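A.B. asks: I have a structure I would like to understand better, so I am pasting it below and will then ask my questions one at a time.
The values are calculated or read from the model by the stated rules, or taken from the named source; none is laboratory data. As the structure is a computational prediction, the values presented were derived from the model and not from experiment. Positions of Cβ are generated from backbone atoms using ideal geometry, with glycine treated the same way; all protein chains shown enter the neighbour counts. SASA here: full protein model, heavy atoms, side chains in, ligands and nucleic acids out. Shrake-Rupley method; radii C 1.70, N 1.55, O 1.52, S 1.80 Å.
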Amino acid sequence: MPLTPGSLLLAKPFLGDPNFERTVVLLCRFDPEEGAFGLVVNRPTQLVLPDVLPFTAPAYPHPLGLGGPVQHNTLHYIHRISNLPDSIPLGGTADAPVLWGGDYEDLSERLVSDSISPEEIRFYVGYSGWSAGQLEEEIARDTWVVQPNSAEKVFTFEAEELWRGVLLEMGGRYRVLANYPIDPSLN
């Protein structure tokens, strides 16, 4: 299955890496020669936007997500703001696109003026990264389920329900993974 931006990577429940246990990663960039960049989209933190951007309105209700184990001092965002310059399309539809990044100054002005609906944007600290060949190797070892062209699911599921919800939607053998116990020895 080809890896393309906008795909979701769902960690198999027996992955064994606490950084990615039952995570969903939105693949934002993939290049076989340079590697991959993604954001874990289902790990809310205790941080809120004013904790990292003091000039923003405290009305933003969503906690920041932990985008991954790399560089927790960086802030990333995915959104549905089609007119934010320099945004990178990840999928969705013409009416409801899913985009990554974009002009930070423009975004800051919109945040201060409250012209962005909280339902249009998600923020993450840190990111997930793979060197060339690393993600492909992990997929070959059967540690990830790849769901192509599914970026919009970040906005249709609550973060805590995303992993299980996408697997249940996929049906068949993925339903078994969705119901796999956190600690099988307690079964």
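A.B. asks: Give me the residue from the range 74-83 that is outside any loop (DSSP other than H, G, I, E, B) and not hydroxyl-bearing (S, T, Y) and, out of that set, nearest to the chain's Cα centre (by Cα).
C.D. replies: Within the range 74-83, the subset outside any loop (DSSP other than H, G, I, E, B) is 74-79.
Checking the rest, the ones that are also not hydroxyl-bearing (S, T, Y) come to 75-76, 78-79.
Working: L75: 13, H76: 10, I78: 8, H79: 11 Å.
Result: I78.
A.B. asks: What are the pairs with Cβ atoms under 7 angstrom where one residue, in the range 40-51, is under 18 Å from S128 (Cβ atoms) and the other, located anywhere, is hydroxyl-bearing (S, T, Y) and surrounded by 16 or more Cβ atoms within 10 Å (Cβ to Cβ)? Sequence gap at least six, or different chains.
C.D. replies: V40/T23; V40/S128; N42/T23; R43/T23
A.B. asks: Within the range 55-73, is there a residue that is assigned to a strand (DSSP E or B) and among the polar types (S, T, N, Q)?
C.D. replies: Here is the first cut: in the range 55-73, the residues assigned to a strand (DSSP E or B) are 65-66, 70-73.
When the remaining residues are screened for being among the polar types (S, T, N, Q), the result is 71, 73.
The answer is yes, given that some residue of the range 55-73 is assigned to a strand (DSSP E or B) and among the polar types (S, T, N, Q).
A.B. asks: Please specify each residue of the range 103-121 satisfying the condition of being in contact (Cβ under 8 Å) with a residue 24 or more places away in the chain and over 21 Å from L90 (Cα atoms).
C.D. replies: Step one: list which residues in the range 103-121 are in contact (Cβ under 8 Å) with a residue 24 or more places away in the chain, which gives 107-108, 110-112, 114, 116, 118-121.
Those that are in contact (Cβ under 8 Å) with a residue 24 or more places away in the chain and over 21 Å from L90 (Cα atoms): S108, R110, L111, V112, D114.
A.B. asks: Can I ask one more? For G38, indicate whether it is assigned to a strand (DSSP E or B) and among the small types (G, A, S). Show your work before the answer.
C.D. replies: On the way: assigned to a strand (DSSP E or B): yes; among the small types (G, A, S): yes.
When the stated conditions are applied, G38 passes them.
A.B. asks: Might you let me know whether the range 11-31 holds any residue that is closer than 24 Å to G165 by Cβ, among the hydroxyl-bearing types (S, T, Y) and not in a strand (DSSP E or B)? Before you say what the answer is, go through the steps one by one.
C.D. replies: Within the range 11-31, the subset closer than 24 Å to G165 by Cβ is 11-28, 30.
From the residues that got through so far, the ones that are among the hydroxyl-bearing types (S, T, Y) too are 23.
Now narrow it down to the ones that are not in a strand (DSSP E or B): 23.
Yes, the range 11-31 has at least one match.
A.B. asks: Note down all Cβ pairs under 7 Å where the first residue falls in the range 65-83 and is more than 14 Å from R110 (Cα to Cα) and open to solvent by 50 Å² or more (accessible area, probe 1.4 Å), the second is part of a loop (DSSP other than H, G, I, E, B) and polar (S, T, N, Q), and they're at least six residues apart or on different chains.
C.D. replies: Close Cβ pairs (under 7 Å, with a partner that is part of a loop (DSSP other than H, G, I, E, B) and polar (S, T, N, Q)) amount to L66/T45; P69/N19.
A.B. asks: Tally up the residues in the range 21-34 that are touching a strand residue (DSSP E or B) at 6+ places or on another chain (Cβ under 8 Å), open to solvent by 10 Å² or more (accessible area, probe 1.4 Å) and closer than 16 Å to S131 by Cβ, please.
C.D. replies: Residues in the range 21-34 being touching a strand residue (DSSP E or B) at 6+ places or on another chain (Cβ under 8 Å), open to solvent by 10 Å² or more (accessible area, probe 1.4 Å) and closer than 16 Å to S131 by Cβ: 2 in total.
A.B. asks: Mind listing just one residue for me: the one in the range 142-173 that is surrounded by fewer than 20 Cβ atoms within 10 Å (Cβ to Cβ) and of a type in the set (A, V, I, L, M, F, W, C) and, of those, nearest to T93 (Cα to Cα)?
C.D. replies: Here the residue is F155.
A.B. asks: Report whether or not Y60 is in contact (Cβ under 8 Å) with a residue 40 or more places away in the chain, of a type in the set (F, W, Y) and either touching a helix residue (DSSP H, G or I) at 6+ places or on another chain (Cβ under 6 Å) or under 13 Å from E152 (Cβ atoms) (or both). Working first, answer last.
C.D. replies: On the way: in contact (Cβ under 8 Å) with a residue 40 or more places away in the chain: yes; of a type in the set (F, W, Y): yes; either touching a helix residue (DSSP H, G or I) at 6+ places or on another chain (Cβ under 6 Å) or under 13 Å from E152 (Cβ atoms) (or both): yes.
So Y60 fits the description; yes.
A.B. asks: Considering each residue of the range 84-116, count those that are open to solvent by less than 80 Å² (accessible area, probe 1.4 Å) and either under 28 Å from N19 (Cα atoms) or assigned to a helix (DSSP H, G or I) (or both), and give that number. Spell out how you get there, then give the answer.
C.D. replies: To start, the set of residues in the range 84-116 that are open to solvent by less than 80 Å² (accessible area, probe 1.4 Å) comprises 84-85, 87-88, 90-92, 96-103, 106-108, 110-111, 113, 115-116.
Keeping just the survivors that are either under 28 Å from N19 (Cα atoms) or assigned to a helix (DSSP H, G or I) (or both) gives 87-88, 90-92, 98-102, 106-108, 110-111.
Number satisfying all stated conditions: 15.
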